[in-house]
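Here the structure comes first, spelled out in structure tokens, and everything after it is commentary.
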Amino acid sequence: MAARIIQHKKLVVIVFAIVTVISTAAQFFVSVNYNMVDYLPEDAQSTQALTIMEDEFTASVPNTRVMIHDVTVQEALLFKEQLSKIEGVTDVIWLDDVMDLKMPLEMADQETVESYFKDGKALFSISVDNGAEVEATDAIYEMIGENDAIAGEAVDTATSQKMAGTESMYAAALLVPIIILILVLSTTSWIEPVFFLTAIGVSVLINLGTNIFIGEISFVTQSVAPILQLAVSLDYAIFLLHSFADYRKKTNNPEEAMQLAMKKSFPAITASAATTFFGFTALMLMQFEIGSDLGLNLVKGILLSFISVMVFLPALTLMFYKWMDKTKHKSFVPSFKGTGEKVLKLKMPSLILVFAILVPAFLAQSNTQFTYGLGDQPETTRAGSDFKLIEETFGESTPLVLLVPKGDLVKEAQLVEELENVDHVTSVISYVNAIGSVIPPEYLDETITKDFFSENYSRIILYTSVGKEGDVPFSIVETVQEEAAYYYDNEALLLGESVTLYDIKNTVARDNVVVNTLTVVTIAIVLLVTFKSISIPLVLLITIQSAVWINLSVPYFTNTPLVFVGYLIISTVQLAATVDYAILLSEAYNEHRKEMPALQAIKKTLDEKIFSISISASILSSVGFILWITSSNPIVSSIGLLLGRGALLAFIMVVCFLPAMLLVFDKVINKTTLKANFYEEK
């Protein structure tokens with residue numbers, strides 16, 4: 001295979017170039033989904049309720065609040081009319097929907113009035129269609145100007161959509177120079193880093209383009225997958241070209257050197273790709289499909305990177321290897337001889353420290369406080385400052401929509417009365433309390449009843465005085481579901497942002513056990529096959545899993561809420577991406593251990609491999625921290641921070657803790673490894 005690739009190198013480069021150009025164009029036709037509800041399982045209550053709501057009613061769940069300053073009641077009604085005419089806005093709810101404005105406001109329930117009109121400020125609850133967030137919110141901004149405010153789910157979605165492209169470009173602009181600098185330091189040719197980046201860059205572009213066959217990707221995948229693919233698979237290219245450089249010292253024929261390099265590096269690249277591949281495959285089994293969407297893209301990306309490195313990179317290198325010769329430079333890296341001896345002085349302290357903090361770290365990461373949504377926008381942004389203005393004037397407010405079977409107005413009136421008495425529910429809008437249960441709906445004009453009734457359902461809107469997620473909002477969701485079930489059994493359906501986040505919480509809690517277990521098991525099997533050993537996979541998994549637990553325990557000890565999707569993804573990604581460091585060190589140790597005693601073997605291994613591992617870790621860590629710095633999306637930002645910190649922790653664990661473990665369990669490894677052939681002093 002290697003010989004054929006080398007023989008047809010020009011054809012290989014041309015084919016990859018054509019596919020890359022087509023893929024680059026195709027990626028612009030892949031739509032990005034920002035709606036979290038779409039990624040819940042089909043049997044989730046939110047999903048079922050939303051489907052019925054869209055089929056039965058024209059209006060959707062109120063998802064945005066607009067506050068207008070210095071208006072009278074009549075002026076507010078005019079603003080309501082203007083808002084309802086904006087394209088993408090399906091419904092506008094204000095004070096006239098909950099009371100008769102012919103009645104003096106002083107005689108009405110003041111808590112109800114002040115939920116919509118207070119100190120000359122009017123607060124409108126509006127519904128913006130899914131997919132129309134950017135256009136609708138832009139039109140509202142244009143209408144209200146600088147002094148008034150808009151906040152809510154539609155604004156957060158629109159902001160994320162606008163920022164995604166800009167932030168990806170910003171992240172790439174920061175990341176590429178850093179990676180080039182790291183690679184220049186690790187090579188002896190100015191042009192070699194360009195070969196690395198070209199090989200992986202081609203696979204990233206093809207991966208993005210082939211998403212057209214999937215149809216759409218999630219916003220998390222769009223932000224994270226390309227950069228993560230680049231960081232995780234860059235090692236494959238480094239393995240191959242370093243091996244090529246070694247063989248060129250042994251033969252004058254570049255094609256022979258490449259063929260030998262491909263053969264020599266194939267097992268290492270395959271093992272590295274396999275652990276990452278199976279780790280990412282575990283994500284594909286998540287019921288919350290943002291994880292499976294990202295997993296599918298990363299699995300596809302790893303396969304494409306592997307093919308690109310083993311097929312495209314050898315052909316490209318042989319066509320332009322003379323450029324590598326012409327751009328040689330002296331090595332910028334000092335000798336690492338003696339590093340192993342210094343590191344091994346930390347052998348006992350590292351063992352004692354890790355085993356001392358392992359159980360607390362495991363317990364802490366299991367008890368971290370989680371969030372499940374996108375969170376609030378920073379106050380430095382217009383969306384963030386607007387949210388603060390509305391909250392200061394009217395407090396927090398989260399709408400819920402309850403759909404119940406149509407027909408029994410008496411039963412509906414009893415339910416509405418119960419709902420009005422639920423803690424933190426500020427108002428309930430339904431036919432029975434807005435029009436009255438004594439007036440049959442069929443006697444009224446459809447324009448009056450269409451927002452309350454569909455062919456099969458009655459619609460009840462509740463407003464709560466708490467945020468969209470947390471213990472209290474989730475307890476309200478449970479209470480409303482219980483009250484509705486008492487009257488309508490399982491026929492009542494609840495929806496809204498709080499309900500979506502409540503369902504996400506329950507879904508990802510199940511995913512957590514499945515994904516983490518499968519990741520560890522599949523990687524253990526790959527390690528078992530790679531090393532033909534029972535003990536080495538255990539030692540390696542303890543090392544990397546400890547780094548994962550320590551990383552994920554930091555939010556608990558710093559009392560910082562962690563986005564659960566980020567936690568779930570990173571617990572898999574960090575293990576899959578950084579186990580390569582442990583593989584690289586353990587393979588070298590096993591080779592040296594056949595020729596020398598354990599202590600000497602581990603010293604030599606550290607001297608040889610500490611730099612290679614530091615290059616991989618620094619690239620992955622840079623990727624993580626740059627995602628964290630550049631992304632305004634809390635899910636992407638949290639993945640970045642956890643990835644950056646996790647790569648550094650994995651490096652420290654592999655360099656300090658793993659050598660100590662290999663020495664401690666040296667005899668066990670010798671007895672439990674097939675054909676270990678460890679050196680024994682006579």
| field | Semi-axis lengths, Å, the chain, gyration tensor of Cα atoms, sqrt of 5 times eigenvalues | value | 57, 27, 21
| message | Over segment 51-158, what is the relative contact order in percent, taking alpha-carbon pairs closer than 8 angstrom and at least six residues apart? | response | 43 percent
| field | Where trypsin sites (Lys or Arg not before Pro) fall in DSSP loop in segment 448-504, at most 10 other Cβ within 10 Å | value | none
| task | Please report, in debye to the nearest 20, how large the charge dipole of segment 327-441 is about its Cα centre when each Lys and Arg carries +1 at its beta carbon and each Asp and Glu carries -1 there. | result | 1760 debye
| query | In terms of Cα to Cα distance under 19 Å, which lysines are near enough to residue 675, apart from those fewer than 8 places away along the same chain? | reply | 532, 594, 667
| Quick one: net charge of residue 33's neighbours, Cβ under 9 Å, K/R +1, D/E -1? | -3
| Placing +1 at every Lys and Arg Cβ and -1 at every Asp and Glu Cβ, with all other atoms neutral, what dipole size does segment 460-542 have around its Cα centre, in debye to the nearest 20? | 740 debye
| Of all DSSP beta bridges in the chain, what percent run antiparallel (nearest 5)? | 85 percent
| request: Could you size up the charge dipole of segment 51-158 around its Cα centre, putting +1 on the beta carbon of Lys and Arg and -1 on that of Asp and Glu, and report it in debye to the nearest 20? | output: 280 debye
| task | Return the long-range amide H neighbours of residue 189 (sequence gap of 5 or more, or a different chain), with a cut-off of under 5 Å between placed amide H atoms. | result | 329
| request: Please report how far the C-alpha centroid of segment 656-670 lies from that of segment 153-212, rounded to the nearest whole angstrom. | output: 38 Å
| field | Taking segment 382-501 and dividing mean pair separation by its residue count, relative contact order in percent (alpha carbons under 8 Å, at least six apart) | value | 41 percent
| Gap in Å between the Cα centre of segment 115-145 and the Cα centre of segment 4-31? | 46 Å
| GluC sites (Glu not before Pro) within segment 1-98, DSSP loop, no more than 16 other Cβ atoms inside 10 Å | 42, 87
| task | Please sort 543-552, 91-100, 489-498, 345-354 by packing, taking for each peptide the average over its residues of neighbouring beta carbons within 10 angstrom, highest first. | result | 543-552, 489-498, 91-100, 345-354
| remark: Expressed in angstrom and rounded, the centroid-to-centroid distance over alpha carbons for segment 482-521 and segment 280-348 is 38 Å
| field | Karplus-derived HN-Hα couplings along segment 412-425 (A = 6.51, B = -1.76, C = 1.60, θ = phi - 60°), whole Hz, x at Gly and Pro | value | 4, 5, 5, 5, 4, 4, 5, 5, 5, 9, 5, 4, 6, 7
| request: Quick one: compute the contact order of segment 152-246, relative version, from alpha carbon pairs under 8 angstrom and 6+ residues apart, as a percent. | output: 30 percent
| query | Where in segment 323-359 are there chymotrypsin sites (Phe, Trp or Tyr not before Pro) that are in a DSSP coil and have at most 12 other Cβ atoms within 10 angstrom of their Cβ? | reply | 332
| Given 411/450; 411/505; 322/603; 337/671; 118/406; 9/322, which pairs have Cα atoms separated by over 27 Å? | 411/505; 322/603; 337/671; 118/406
| note | Classified through the alpha carbon gyration tensor (a ≥ b ≥ c as square roots of its eigenvalues; rounded if a/c is under 1.5, else prolate when a/b is larger than b/c, else oblate), segment 51-158 comes out oblate
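Coordinate-derived values only; no laboratory data. Keep in mind that what you see is a predicted model, and the values were worked out from it rather than measured. In this analysis, Cβ positions are derived from the backbone assuming ideal geometry, glycine residues included, and neighbour counts consider all displayed protein chains.
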